[in-house]
Amino acid sequence: MAETQVNENYTKTVIEMDRFLASLGYLKGEPRSQNKPDEGDGK
């Protein structure tokens, strides 16, 4: 599997996990991605 596909699947999974945890009251707010290439993470 290509690295970009793995990253997309990981991001989608984490967003769904965040939504689930928010539905249980563990998290508040909407999921957001913090690993954008233009934010200096070296990619």
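The values are calculated or read from the model by the stated rules, or taken from the named source; none is laboratory data. All values reported here derive from a predicted model rather than from experimental measurement. We place every Cβ from the backbone using ideal geometry, glycine too, and count neighbours over all the protein chains shown.
Some points to look at:
- Being β-branched (Val, Ile, Thr), modelled with pLDDT of 80 or more and exposed (fewer than 11 other Cβ atoms within 10 Å of the Cβ) is a condition met by no residue of region 15-32.
- Contact map, region 2-25: first residue on the phi < 0 side of the Ramachandran plot, second residue not in a helix (DSSP H, G or I), Cβ cut-off under 7 Å, separation 6 or more or different chains; pairs are THR11/SER33; ILE15/PRO31; ASP18/LEU27; ASP18/PRO31; ARG19/PRO31; LEU21/LEU27; ALA22/LYS28.
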